[in-house]
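The structure under discussion appears below in the form of structure tokens.
The values are calculated or read from the model by the stated rules, or taken from the named source; none is laboratory data. Everything quoted here is computed from the prediction, not taken from an experiment. Cβ: placed from backbone, ideal geometry, glycine included. Neighbour counts: every protein chain shown.
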Amino acid sequence: MNLESRKYVLAAGVLLVSLVFILRLFWVQVVDGKWKAEAANISERKITVFPSRGLILDRHGELMVANTPVYDIMVVPKDVRPFDTLAFCSLVDVQLPEVRKRLHDARRYSVHKPSVFEKQITAEQYASIAVHLHQYPGFYGQSRTLRTYPPHAAPHMLGYLSEVDARKVEKDPYYKPGDVIGVGGLEQQYEHELRGQRGVKYVVVDVHNNIQAPYKDRQYDTLAHAGSNLYTGVDLRIQQLGEQLMVNKKGSIVAIDPKTGEILCLVSSPAYDPELLVGRVRNTNYGILQRDPIKPLFDRALQAQYPPGSIYKIVQTLIALQEGVITPNTGFPCNKSLVGCHAHPNAGDIIHAIQYSCNPYFYMVFKRLVERGQNKNNRFKDAALGLDNWHAHMLRFGMGQRPPVDLPSAKGGNIPGPSYYDRKYGKERWAFSTIYSVSIGQGEVLVVPMQMANLAAIFANKGWYIDPHVVRAVGHRDSLVQGPQRHDTGIDPKWYDFIQEGMRRVVEEPGGTARQARVKDITICGKTGTAENPHGKDHAVFVAFAPMEDPQIAIAVYVENSGFGGTWAAPIASLLIEKYLRDTITRPELMERMLKADLIAEEKNYVKPKKKPRRP
């Protein structure tokens, strides 16, 4: 057979096979009605199996965040048939214009892939919807879990869940439209560990959306893997007590275990119930909270930057002792012409200076740190050299930089160095006399409450600290997290003996500025501070650790617009220390006074006195 003949034979074969297929398709699709009916009644559906999100527990195993089942109504646009829209609106509690919009959006996304039509319906609500859903082809229910907060506590620390935006969907292929993601707090920081891994199952459904059977014996299904649990160092007892004590007050509380760096409590006030940002009401409630003038969404413990006030004097003292510009027995008169101060005896040594919190004393300490005589011909250059050395010490205390805490929103405050003042005033245009307010924790110095608590841990540990962190283990209680590092301040531990004794006297001895913080049989070492507020009543701060002999808790309490640190901040701290160490409160009258105080209302009525003009 020649080549030309073979070509015709091959063409004839192809035509014959094609004709067979065409006739068979015609028979199946047109003549034999049973295949058409079967195709109309049975189809496969891909169902996403959402994993349970990891739980969050406190140091005693108490649940802080759990899960509760909810349902999403899904829609596959190609399967939707004409339906009674008014009845459907009533069934799912969605207005008609919104139904049309959501169907339009679903078609734009994909006519073949399922989209979330209505999300986060409670199990009780879904039970009444499910019995009617078969009347609406293309719609079906899909289960997932929703966060719940049994103790209704720690909203800023925990964070919340929100729907992913289009940018995140494009960036990370794991997420699909309608998925949720952690926002803020531990939910965001540990999103990858908490979210788990979703699974998929394929089922055969009939025309009424009823599942008939698994598809091909589940050979294409994949299992969902639950997210890992987070085991925190938080003590829920003092977390809840701290939130109660800060009701009707602006400020924050941070407590740390100084030996481990574990955060025992983190309170920001005003706060909100975390349940408000769960489910279908989340968007509405978020808008309300965002517009609230007292800013309950603002995390004051990690983001509010304040002048530290007198607690800063302790760090100044340690640096001065290490640099040898003072000794433990150095005394300075309380010269109020240098800087204002309250009435107290002269401080003849550093212990009494801390006890009395003498402003002129620490003015002179900082002066000696800055004016070192390293450049005798130029006082501006000499100040820059002294301040640069001081600045390097401050950084070793964890100041002026973002705390390496396992929470996403922390700020770092400000510790001004020579370059800062060069930008502000010009090079060689500033000296100690320009920046002396830094000596008492005012001026350009800013810290966040987390850093204040960490300073208290450094004082307790005599010179070292471990990075503050909330989570102690992931997945299993004994699988300790890796990452928190130990840091040394470079200050000789012997100098801390004088600091601790001075802090003890602040609380325990007559003339101390925090006598209201005393607790019987617990030796508390503390330091009060009052930070100037140009817009209203001054802010109060108190840092402390206890017990002195074996420190187990370091704490910082910051109360805005409350005046002197010993009036409100110190008593609140002492109640939390007692609760943590003894699990009881022995001063119910003090507790009652702190709980009833409404400092936000007082702030509204406060008129700041005008300062008298200085005489020329």
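Any idea how many residues of region 235-255 are over 15 Å from the mean Cα position of the chain (by Cα), buried (at least 24 other Cβ atoms within 10 Å of the Cβ) and closer than 28 Å to Arg486 by Cα? Going through region 235-255 one residue at a time, the tally reaches 3. Taking residues in region 481-495 that are closer than 27 Å to Ala320 by Cβ, and partners anywhere that are basic (Lys, Arg) and part of a loop (DSSP other than H, G, I, E, B), the pairs with Cβ atoms closer than 8 Å and at least 6 places apart or on different chains are Pro493/Lys462. Of all residues in region 560-599, those being hydroxyl-bearing (Ser, Thr, Tyr) and under 20 Å from Gly511 (Cα atoms) number 2.
Mind checking whether some residue in region 317-333 is closer than 24 Å to Glu532 by Cβ and exposed (fewer than 15 other Cβ atoms within 10 Å of the Cβ)? Yes, region 317-333 contains at least one residue that is closer than 24 Å to Glu532 by Cβ and exposed (fewer than 15 other Cβ atoms within 10 Å of the Cβ).
Looking at Tyr140, Tyr160, Tyr71, just one residue is among the aromatic types (Phe, Trp, Tyr) and over 31 Å from the mean Cα position of the chain (by Cα), and that residue is Tyr140. In this structure, is Pro97 in the same structural domain as Val183 (by TED's automatic domain parsing) and either without any contact (Cβ under 8 Å) to a residue 12 or more places away in the chain or within 37 Å of the chain's Cα centre (by Cα) (or both)? Considered against the rule, which asks whether it is in the same structural domain as Val183 (by TED's automatic domain parsing) and either without any contact (Cβ under 8 Å) to a residue 12 or more places away in the chain or within 37 Å of the chain's Cα centre (by Cα) (or both), Pro97 comes out as no.
Scanning region 120-137 for residues being part of a loop (DSSP other than H, G, I, E, B) and within 23 Å of Glu163 (Cα to Cα) gives a total of 0.
With respect to Glu532, determine if the residue is surrounded by 18 or more Cβ atoms within 10 Å (Cβ to Cβ), in the same structural domain as Phe498 (by TED's automatic domain parsing), within 28 Å of the chain's Cα centre (by Cα) and among the acidic types (Asp, Glu). Explain how you work it out, then say what you get.
Values: surrounded by 18 or more Cβ atoms within 10 Å (Cβ to Cβ): no; in the same structural domain as Phe498 (by TED's automatic domain parsing): yes; within 28 Å of the chain's Cα centre (by Cα): yes; among the acidic types (Asp, Glu): yes.
The answer is no for Glu532.
Looking across region 509-559 at every residue that is acidic (Asp, Glu) and in contact with an Asp or Glu (Cβ under 6 Å, 6 or more places away or on another chain), the one that is farthest from Glu589 (Cα to Cα) is identified as Glu532. Kindly list the number of the only condition in (1) out of contact with any helix residue (DSSP H, G or I) (no Cβ under 9 Å at 6 or more places or on another chain); (2) surrounded by fewer than 23 Cβ atoms within 10 Å (Cβ to Cβ) that fails for Leu276. The single condition Leu276 does not satisfy is (1).
Among the residues of region 367-378, the ones that are under 15 Å from Trp430 (Cα atoms) and within 45 Å of the chain's Cα centre (by Cα) come to 3 in all.
Meeting the requirement of 2 or more residues that are charged (D, E, K, R), the strands (runs of 3 or more DSSP E) wholly within region 391-502 are 486-488. Against the list (1) of a type in the set (Ser, Thr, Tyr); (2) modelled with pLDDT under 95; (3) touching a helix residue (DSSP H, G or I) at 6+ places or on another chain (Cβ under 7 Å); (4) crowded, with 20+ Cβ neighbours inside 10 Å, the condition Tyr286 fails is (4). Of the residues in region 137-149, not one is in contact with a helix residue (DSSP H, G or I) (Cβ under 6 Å, 6 or more places away or on another chain) and either in the same structural domain as Pro270 (by TED's automatic domain parsing) or surrounded by fewer than 15 Cβ atoms within 10 Å (Cβ to Cβ) (or both).
Just one of (1) farther than 20 Å from Gln355 by Cα; (2) buried (at least 17 other Cβ atoms within 10 Å of the Cβ); (3) at pLDDT 95 or above fails for Ser562. It is (3).
Looking across region 459-490 at every residue that is closer than 26 Å to Tyr312 by Cβ and in contact with a His (Cβ under 9 Å, 6 or more places away or on another chain), the one that is surrounded by the fewest Cβ atoms within 10 Å (Cβ to Cβ) is identified as Gly490.
Out of Tyr272, Tyr286, Tyr312, I need the residue that is in a helix (DSSP H, G or I) and either touching a residue at least 24 places away in the same chain (Cβ under 8 Å) or among the charged types (D, E, K, R) (or both). Which one?
Testing whether each residue is in a helix (DSSP H, G or I) and either touching a residue at least 24 places away in the same chain (Cβ under 8 Å) or among the charged types (D, E, K, R) (or both) leaves just Tyr312.
Restricting His112, His104 to residues that are over 37 Å from the mean Cα position of the chain (by Cα), within 22 Å of Lys176 (Cβ to Cβ) and not in a helix (DSSP H, G or I) narrows the list to His112. For region 586-616, a residue qualifies if it is more than 30 Å from Ile522 (Cβ to Cβ), aliphatic (A, V, I, L, M) and at pLDDT 65 or above, and the qualifying residues are Ile600, Ala601.
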